[in-house]
Amino acid sequence: MTEQNRFAQFKLVLLGESAVGKSSIVHRFVKNTFDDLRESTIGAAFLTQSINLPDLKTTIKFEIWDTAGQERYKSLAPMYYRNANAALCVYDITSLSSFNKAQDWIKELKKQAPEGIVIALVGNKTDLTENRQVDNDEVLQYINDLNNDSNSKIIHSECSAKLGEGVLDIFDQIARSLPIDDINKKVNGNKRISGVDLGRNIKQNQNLQQNNSCC
Amino acid sequence: MPATASSNSTLLNQLHPDWVDMDIENLGKSFYNSEYLPLSNTIKSLKAKTLQEALLNQQEDILIEYLQSTEGLINNRIRSKVWPILLGLKQNQDDSVDLDSNVAEDYIASFLLEDLDFNDLPPHRDEDQIKLDIQRSFTILSHAQSFLQQSQAESYTTMYSNSDIEELRKKLMSLIIKVLRKYPSLHYYQGYHDIASIILLVCYDNGQQSQPKVNEELAFLLLEKLSVFHLRDFMITDINLSVDHLKLIPTLLECIDSKLFGLLMQASNIYIATDGLYYDYTFYQALSSILTFFSHDINNLHHLLVIWDFSLAQNSVLANIYIYVSFLLHYKEKIFEELNISHILASDEDCFDFSNVDADLLHTLISPASLFSDLTDADLIKILNKTKELIKDYPINELENTSRTFKLWFNDLNKHSVLLNTSDINTDRIAKNEKYDSLLKNATHQEFPEDLSALIKSQDEEMVLQTKYDASVQQRIFEQQESLATSMSSVCDDDLNSSYPLLSSSLSSLSSASSSINTKIVTTSSLLFKKLFSVPSHESDENKSHDVTKRNRNLSLFSNITKISFTIGLIGFLLHFLLVRNHPRVLRLIPLNEITNELSSKSMNMAAGVGNNLGKLFNYIATYGVVNRGLHMGQLGLGNIREGVYGPP
């Protein structure tokens, strides 16, 4: 690698209960705008945004899949996280149920998502702190327990998409946790695979590759 | 429908003797046909007048013809009268329609909605979600400016104040809850609230009254009928029936436009992941448009309502699928241009190289946000006219790919889909209404209150079966890949002679798979191909390369090839090559008979010559591979393949 800027591309998926602010976070990150009434996402929305990490001389492009929160659309989620490099599990700090839901997503990701996926647990709506239901200490305890149990490190952060506080920071943290060097090679090979995936393909391909190399 | 058009013109002539001087033939044409310009205000008001006359005289044929014509129903006052007719809320009623009184309410009285106090019904399980969605509904009204400009002096130009919108939200909530509490077996989905909000807007009657108000009863009846008859597939337990609907978009395009279809396949992950050898027709990009009758994605209310007029006139949710297809066709040049592959459109060839297409950009270009962004009035007229042609020229149940698409997903797997009964595009509107009226709970049909929930139950069961079926198809592909990988390992390790039975057994297991034979052959040959042509060290790391020719020319493969039976390589390569070359029409018409014969003799020669002859063979196949006539792949007996493998008897 020369001194020139490196470029890496990663898929990121947002998961979380309905109306916790997934789309608002994305829009704050991508367009730096906020709507009090962002209409419900149906199915999934796709956006991209790049960030620079000057100290690492790296530009990272996020391909962001913003999913619908309604339980009904849950069965579509695997297609979005199946080949994602990072996942944002979002909850609303004013809603305990949304925090529980975010934990469910983390569980599911640990079971089903590709190994090495970077997971961030994000509490949104810190501007509504007077209605806070999710205690930050409890969240930290949960994260600690989880990180002690396994090798993975889950990123945790709170933000306000409305005020624009903490949003960029989350993506920055994620970018720094991504395996930039490892994946650089892969990016080209994977370039044409967009975020929707079906079933066992990853496994299949792995098998395929392994077996291929025997000849 | 030229015949109807001319007969309607005659009708119009009788209705409006004063129109004779105005060249009614031409006027008629501008309503129906290819004058792709928005109507002038004069014509608009004439059309509005004619529509009102037709309403008055209950000439539904004229109304329906007009709905699908340029500018649709012109304004919401007419809409709120005609939509009920389209949805079959009013049949054979004797009371005459008088536009100057509050007609809708008059005939709705017969439905005695008051009998149903929805507050007494148990809450629907999805009500919390509904509240969340309604809080952020009517964002379309924040685009008020856009339709203010569009619609000039029409009735829905009313500026909605914040308190109006709050009021509308409350009414929206009660509208949705009323319908869902009445039909608890229906599931709410995000997007249903968009549909309900459009109905509410159309029923927003600010006509001659000082106090504008929503005709809530009418809104209820419209939404009720729409839900039970047309949206039902989207409201069963599982979302995958909605996904089946979306599959019909590529299904249609496969028969209409092979280049665009070929491009769409590049947006499919499974297609890319299997190296272009398996395609499942899923098309998630259109999900929000299809689930919401476009109301989630088209911000221009005027355009949206014209689309609804058209769609409701077809009396089938399938119309929206055709509309989406028509949008894709309309913007085809633009899409290809943005992807920098315009040359493909210009080429006459039958095979296209999409390998350099930027998948992200492609996804964006075929998604609603991009597709609908620059829509003009004139575009929309063209698109809807084209849609009409498509519906006529490409009936969904008569497509050449139907056995692996529509027939499979609907006739075989989801027999109770709305597309085969209450929203069947081929069945007459009135017939449907009469036949399935008992699905609606109303006074006259109290004796069958369970019909809808029973129907939904069978749809749920069908979906469970489809899920199993889909899983088994995937499992079979998976197994096939594994077993072939295994047998190919043996081929590598073992003596040539012992590898024959292995190959032979994987080929016979191919034959046992009936419905997925195509896929299997495809994946089989792919694996054989990959096996044979992969270079052990660096190339296998590089995920999979898609460039067939590059691999073919790679010198290192020659050493591989000579190790293995020549004929195995040939057949694997041949199948793979042909299928890849033919991918725009997956697996159709491959002249395997001829090719295997030719190849058999070729391979005999080459078995002696080895090495350099291979290059010739590639060239030979390259020129031959594009030939598109011959046998249907699905009908190929394995005899042919065996012949190819073992050489001529």
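The values are calculated or read from the model by the stated rules, or taken from the named source; none is laboratory data. Note that the structure is predicted; figures quoted are calculated from it, not measured. Neighbour counts run over all protein chains shown; Cβ positions are idealised from the backbone, glycine included. Protein only, heavy atoms only, side chains kept; ligands, DNA and RNA dropped before computing areas. Shrake-Rupley method; radii C 1.70, N 1.55, O 1.52, S 1.80 Å.
Here r is the Cβ-Cβ distance between B:Lys131 and A:Asn131 and R0 is 25 Å; the resulting FRET efficiency, rounded to 0.05, is 0.90.
Evaluating 6.51 cos²θ - 1.76 cosθ + 1.60 at θ = phi - 60° for every residue in the range B:408-417, the Karplus couplings come out as 5, 6, 10, 4, 8, 9, 10, 4, 9, 4 Hz, glycine and proline recorded as x.
With contacts defined as alpha carbon pairs under 8 Å and 6 or more residues apart, what's the relative contact order of the range A:66-165 in percent? Once divided by the residue count of the range A:66-165, the mean separation gives 29 percent. Legend: residue pairs B:Lys81/B:Lys441; A:Lys162/B:Lys171; A:Lys57/A:Lys101; B:Lys225/B:Lys332; A:Lys74/A:Lys125; A:Lys22/B:Lys415, Cα-Cα distance threshold 32 Å; pairs beyond threshold, A:Lys57/A:Lys101; B:Lys225/B:Lys332; A:Lys22/B:Lys415. Solvent exposure of the range B:334-404 amounts to 48 Å² per residue of accessible area, where only protein heavy atoms count and the probe is 1.4 Å.
Remark on A:Gly16: its backbone amide H falls under 5 Å from those of A:Val90, a criterion applied only to residues 5 or more positions apart or on other chains, H modelled at 1.01 Å from N. Along the range B:459-468 the Karplus relation, 6.51 cos²θ - 1.76 cosθ + 1.60 evaluated at θ = phi - 60°, assigns HN-Hα couplings of 5, 4, 5, 4, 5, 4, 5, 5, 4, 4 Hz to successive residues, with x for each Gly and Pro. In the range B:358-399, the residues whose accessible area drops by at least 10 square angstrom when the other protein chains are added to the isolated chain are B:Asp358, B:Ala359, B:Asp360, B:His363, B:Thr364; the probe is 1.4 Å and only protein heavy atoms count. Just so you know, the Cα atoms of the range B:302-353 work out to an Rg and Dmax of 15.4, 41 Å. Heavy-atom accessible area buried between chains B and A is around 4800 Å² (1.4 Å probe, both sides summed). Burial annotation for the range A:40-86: residues with an accessible-area loss of at least 50 Å² between the isolated chain and the complete set of protein chains, computed on heavy atoms with a 1.4 Å probe, are A:Ser40, A:Ile42, A:Phe46, A:Gln70, A:Arg72, A:Tyr73, A:Leu76.
Annotation: for a label point projected 7 angstrom from Cα along Cα→Cβ of A:Asn144, residues of the range A:83-127 with backbone N closer than 18 Å are A:121. As a fraction of the 1.4 Å probe accessible area of the range A:6-211, surface on carbon and sulfur atoms comes out at 45 percent.
Work through the residues other than A:Lys101 whose Cβ is under 11 Å from its Cβ and net out their charges, Lys, Arg +1 and Asp, Glu -1. Summing Lys and Arg as +1 and Asp and Glu as -1 gives -3.
Phi-derived couplings, Karplus 6.51 cos²θ - 1.76 cosθ + 1.60 at θ = phi - 60°, listed residue by residue for the range B:369-379: 3, 7, 4, 9, 5, 9, 4, 9, 4, 5, 4 Hz, with x used for Gly and Pro.
Between the amide H of A:Gln133 and those of A:Thr94, A:Ser95, distances stay under 5 Å, these residues lying 5 or more places away or on another chain, with hydrogens modeled in the peptide plane. Interface residues of the range B:182-198, defined as those with an accessible-area decrease of at least 40 Å² between the chain by itself and the complete set of protein chains (probe 1.4 Å), are B:Gln190. The label point for B:Asn426 and the one for B:Lys468, both projected 7 Å from the Cα toward the Cβ, are 2.8 nm apart. For the range A:1-114, the alpha carbon convex hull comes to 117 Å³ per residue, rounded to a whole number.
The Rg/Rh ratio for the range A:6-211, using Cα coordinates for both the radius of gyration and the Kirkwood hydrodynamic radius, is 0.95.
The calculated pair-distance distribution of the range B:239-342 uses every alpha carbon pair, bins of 5 angstrom beginning at 0, and gives 2, 12, 20, 23, 21, 13, 6, 2, 0 percent.
Rolling a 1.4 angstrom probe over the protein heavy atoms with all chains in place gives the range A:1-127 an accessible area of 37 Å² per residue. Scanning residues 5 or more positions from A:Phe7 or on other chains, those with amide H under 5 Å from its amide H are A:Thr59, with H placed 1.01 Å from N in the peptide plane.
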